[in-house]
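Novice: Before I ask anything, let me first share the structure, which is written out below as structure tokens.
Throughout, read-outs are computed from the coordinates displayed, never taken from laboratory work. Keep in mind it's a predicted model, so treat the numbers as computed, not measured. Because the Cβ atoms are built from the backbone with ideal geometry, glycine has one as well, and the counts that use them run over all protein chains shown.
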Amino acid sequence: MTRVLLIGGGSGATMLSHKLQRRHLKVTMLTASMEHLFQPALLYVAFAQSSADVTRDERQLVARGINLIEETVTGVNLIDREVTGGSGKTYPYDSLVVATGVGTDPAQIPGLLETTARYGDYHSTIAQARKLGNALSNFRGGTIALGQSTPICKCPPSPVEGVLLADRLLRRRGLRDKTRIIFFTPYPRAYPAAPMNDIIEPILKDRGIEVVTMFDVDRVDPQGQTIFSIEGERIDYDLPIIIPPFMGAAIDYRPSEVLDQSRFVKADKASLKIIGFEDAFAIGDANNLPTSKAGVGAHLEANVVARQLRGKSASFNGRTNCPVDLGDGRGTFVIGSYTSPVRRYPPSRINLLMKMIMERIYWVSLRGALEPVFSIYFMLTDPDRISRRRPPKRS
Amino acid sequence: MVMPTGVPNRTVVDSRGSACPGPITDLSMAYRRSRAGDVIEVWATDPGFREDVKAWATKTGNQLVSVEEGPEKIVAVLRILRR
């Protein structure tokens, strides 16, 4: 019997647990918390005071027959094939899947920890998202500065979604005329992928949102209420909404060379095997793949690893499928792959409805029951298939 | 993916196959870790990178030494002047 060890308690590990119910596999899953957080909901907790279904107990989500243990992993020894937990226990394995996600690390930027501790953010925890919601509720006008502090951002559309939902919130509260909204980004344009920017930038302009490009946050002065960039610019604010830097889980790896400088696990972009190891995989936000850090990645990568653990061949094509709430009742999607650059995906009400449906069915989809529906959806929206029909004009 | 080449102050950033958010992400991350005088060489396959790297160099005040498009990759060499 093959001992499969999953580390992580998010969507990737949970989905994978349901695909590994095989007699020849003995699956153990280590999660740092039994509280499973639906991370995309933080956007609505912060900007729409949503109190929707944000968390559930992991014990109700994981597949039956899986040995689920609450354990914070502190060490992964890929050479000796064992994982160490904070309890001091060790867990030997034959196959390992790392699905430990990413966390925010505001301490990397001087002044940011103090700033997010005061105003909150919408990428860390429910408490932080509520804190930001309260800061927005107490806001009476002035300058809001919103953006990502560094180029790597979990859920790449979320900065744009945040600023558009902030704009909507202020309009509803009658404060928009009293508010200057500045959207800053380290990229050369408001949305990093140019075809999507062709859609996003006119919308930002139409809503009166100022865009400051190539603004990498160097430091924040909480007393002076100013954000400074590496490039030498500054933005003064009354309410800062700054997306912190992201880092992989604080786990000691042996060998340490499998981690990059952001603590993301280096993995082969097709097989998802950790570089140099045939018996270990990294999926979802935890790896360093050249694609978006988003739930769809964890989902599709879990499928690829499940097939390999069942003795079949499979490879990941870098598919992204990121829904974007444009804050005006419409939505769009950012869809691409390793071989097909992102294209324009015109905004529509149907797209927003699809985003909302995907969020509503999240808990069910974790169990794999909707996999046939997703297979059809991913096939119909396959960017490689669409590319063969329509060559792109620009990337 | 950032690979130190062994030569001090020169970093090769391999962004081939990265389309969204794209190689400019890897360049910006390398820039955060650089010092004045460093050289960053970026390999990319995203065709939009050619224009992006020019805009990036202009905005950030760093020197775009060269940008060459070969059959398999675009190679941009930048010298960091402002950090």
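Novice: Under a plain spin-label model, where a point goes 7 Å from the Cα along Cα-to-Cβ, how far apart in nm are A:R22 and B:T58?
Specialist: 5.4 nm
Novice: If you average the sequence gap of Cα pairs under 8 Å that are 6 or more apart and divide by the length of the range A:175-310, what percent do you get for the contact order? Intermediate values should be presented prior to the final figure.
Specialist: On the way: 168 pairs, mean separation 16.9, N = 136.
This gives 12 percent for the range A:175-310.
Novice: Which of B:Y31, A:Y362 has the fewest other C-beta atoms within 10 Å, and how do the rest follow up to the most? Walk me through the numbers before you get to the answer.
Specialist: Working: B:Y31 25, A:Y362 18.
With the sparsest Cβ surroundings first, the list reads A:Y362, B:Y31.
Novice: May I ask for the angle, rounded to the nearest 10°, between helix B:49-60 and the longest principal axis of chain B, with both axes built from Cα atoms and the value confined to 0 to 90°?
Specialist: 30 degrees
Novice: Which whole-percent values make up P(r) of the range A:175-290 when all C-alpha to C-alpha distances are grouped in 5 Å steps starting at zero?
Specialist: For the range A:175-290, the pair-distance distribution reads 2, 10, 15, 14, 13, 13, 12, 10, 7, 3, 1, 0.
Novice: Based on the Cβ-Cβ distance of A:R234 and A:D53, what FRET efficiency does E = 1/(1 + (r/R0)^6) give at R0 = 25 Å, to the nearest 0.05? Show your work: numbers first, answer last.
Specialist: On the way: r = 40 Å, r/R0 = 1.62.
After rounding to 0.05, the efficiency reads 0.05.
Novice: Per-residue ellipticity at 222 nm for chain A, helices alone: DSSP H runs ≥ 4 residues times -39500 (n - 2.57), over residue total, nearest 500 deg cm²/dmol? Before the final figure, lay out each step's value.
Specialist: Numbers: 11 runs with 113 residues, N = 395.
Mean residue ellipticity at 222 nm (helix-derived): -8500 deg cm²/dmol.
Novice: Moving to a separate point now. Amide H to amide H under 5 Å from A:S271: which residues, 5+ apart in sequence or cross-chain, H placed 1.01 Å off N in plane?
Specialist: A:F316
Novice: Of A:D80, A:D285, A:D167, which has the largest mean-square fluctuation in a 10 Å C-alpha GNM of chain A?
Specialist: Evaluated over chain A, the most mobile residue of the options is A:D80.
Novice: Could you run the Debye sum over the Cα atoms of the range A:71-183, one equal point scatterer each and no solvent, and tell me log10 of I(q)/I(0) at q = 0.12 Å⁻¹, two decimals?
Specialist: Each listed q corresponds, in turn, to -0.60.
Novice: Inside 10 Å of the C-beta atoms of B:23-32, what's the mean count of C-beta atoms belonging to other chains?
Specialist: Values: counts 1, 7, 9, 3, 2, 9, 9, 2, 5, 11.
Whole-number average of other-chain Cβ neighbours for B:23-32 is 6.
Novice: Further question on the same structure: Peptide A:185-195: average number of partner chain Cβ atoms within 10 Å per residue?
Specialist: Numbers: counts 0, 9, 8, 12, 4, 0, 2, 8, 6, 6, 2.
Averaged over the peptide's residues, the number is 5.
Novice: Something else now. Could you go through the range A:270-278 in sequence order and give the Karplus-derived ³J(HN,Hα) for each residue, using 6.51 cos²θ - 1.76 cosθ + 1.60 with θ = phi - 60°, rounded to whole Hz, and x for Gly and Pro?
Specialist: With the stated coefficients, the range A:270-278 comes to 9, 7, 6, 6, 5, 3, x, 9, 8 Hz.
Novice: To make sure I understand the rule: partners must be lysines, Cα under 20 Å from the Cα of A:K89, and not fewer than 8 residues away in the same chain. Which ones qualify?
Specialist: The reachable lysines, counting only those whose Cα sits under 20 Å from A:K89, are A:K26.
Novice: Now, a different point. I need the Debye-formula profile for the protein assembly as shown: one equal scatterer per C-alpha, no solvent, reported as log10 I(q)/I(0) at q = 0.13, 0.14 1/Å, two decimals.
Specialist: Each listed q corresponds, in turn, to -1.30, -1.51.
Novice: Using a 10 Å cut-off around each Cβ, can you sort A:D121, A:D279 from fewest to most neighbouring Cβ atoms? Spell out each step's value before the answer.
Specialist: Numbers: A:D121 25, A:D279 14.
With the sparsest Cβ surroundings first, the list reads A:D279, A:D121.
Novice: Continuing with the same structure: Test of understanding: ordering A:S87, A:S313, B:S15 by Cβ neighbours within 10 Å, fewest first, what list do you get? Numbers along the way, then the final one.
Specialist: Values: A:S87 11, A:S313 8, B:S15 25.
Ordered from fewest to most neighbouring Cβ atoms within 10 Å, A:S87, A:S313, B:S15 come out as A:S313, A:S87, B:S15.
Novice: Residue by residue, what Karplus-based ³J(HN,Hα) values in Hz, rounded to whole numbers, does the range A:26-41 have, using 6.51, -1.76 and 1.60 with θ = phi - 60° and x for Gly and Pro?
Specialist: The phi angles translate into 10, 9, 10, 10, 10, 10, 6, 8, 7, 8, 8, 9, 7, 5, x, 5 Hz.
Novice: Straight-line reach from A:K273: which aspartates and glutamates fall under 19 Å, measuring Cα to Cα and dropping same-chain residues less than 8 apart?
Specialist: Straight-distance partners of A:K273: A:D80, A:E82, A:D94, A:D252, A:E257, A:D260, A:D285, A:E301, B:D14.
Novice: Further question: Label-point separation (nm) for B:K73 and A:N67, each offset 7 Å from Cα along Cα-to-Cβ?
Specialist: 4.3 nm
Novice: For the range A:230-360, what does the relative contact order come out to in percent, with C-alpha contacts under 8 Å and a separation of six or more? Mind dumping the intermediate values first?
Specialist: Details: 191 pairs, mean separation 18.6, N = 131.
Taking the mean separation of contacting Cα pairs over the length of the range A:230-360, I get 14 percent.
Novice: Next question, about the same structure. Stokes-Einstein diffusion coefficient for the range A:238-391 at 4 °C in a medium of 1.567 mPa s, Rh from the Kirkwood formula over Cα pairs: what value in µm²/s? If you can, show how the numbers build up before the last one.
Specialist: On the way: Rh = 17.3 Å.
Rounded, D is 75 µm²/s.
Novice: Given the peptides A:209-216, A:185-192, arrange them by the average over their residues of other C-beta atoms within 10 Å, most packed first.
Specialist: Details: A:209-216: 19.9, A:185-192: 24.9.
Result, highest mean Cβ count within 10 Å first: A:185-192, A:209-216.
Novice: How much length would be gained if the chain were fully extended between A:R118 and A:Q60, taking 0.36 nm per residue of separation minus their Cα-Cα distance, in nm to one decimal?
Specialist: Working: separation 58, 0.36 × 58 = 20.88 nm, distance 3.43 nm.
Extending this stretch completely gives an extra 17.4 nm.
Novice: Subtract the Cα-Cα distance of A:S256 and A:N77 from 0.36 nm times their separation in residues, and report this length gain in nm to one decimal. Let's see the in-between values first.
Specialist: Numbers: separation 179, 0.36 × 179 = 64.44 nm, distance 0.94 nm.
In short, 63.5 nm is gained.
Novice: Could you state the angle between the C-alpha long axis of helix A:295-309 and the longest principal axis of the C-alpha atoms of chain A, as a value from 0 to 90 degrees rounded to the nearest 10?
Specialist: Once rounded, one gets 10 degrees.
Novice: Need the full-extension length gain, B:V65 to B:R50, defined as separation in residues times 0.36 nm minus the C-alpha distance. One decimal, nm.
Specialist: On the way: separation 15, 0.36 × 15 = 5.40 nm, distance 1.29 nm.
In short, 4.1 nm is gained.
Novice: Okay, moving on. Output ³J(HN,Hα) for the range A:258-264: one whole-Hz value per residue in order, computed from phi by the Karplus curve 6.51 cos²θ - 1.76 cosθ + 1.60 with θ = phi - 60°, and x for Gly and Pro.
Specialist: These are the phi-based 3J(HN,Hα) values: 6, 9, 8, 5, 9, 6, 7 Hz.
Novice: What average count of beta carbons from other chains do you get within 10 Å of the Cβ of residues in B:53-60?
Specialist: Working: counts 1, 1, 5, 6, 0, 2, 6, 6.
Across the residues of B:53-60, the mean count of other-chain Cβ atoms within 10 Å is 3.
Novice: Please give the FRET efficiency for A:M379 paired with A:T2, using the beta carbon to beta carbon distance and R0 = 41 Å, rounded to the nearest 0.05. Kindly include the intermediate steps, with their values, before the conclusion.
Specialist: Working: r = 30 Å, r/R0 = 0.74.
Efficiency, rounded to the nearest 0.05: 0.85.
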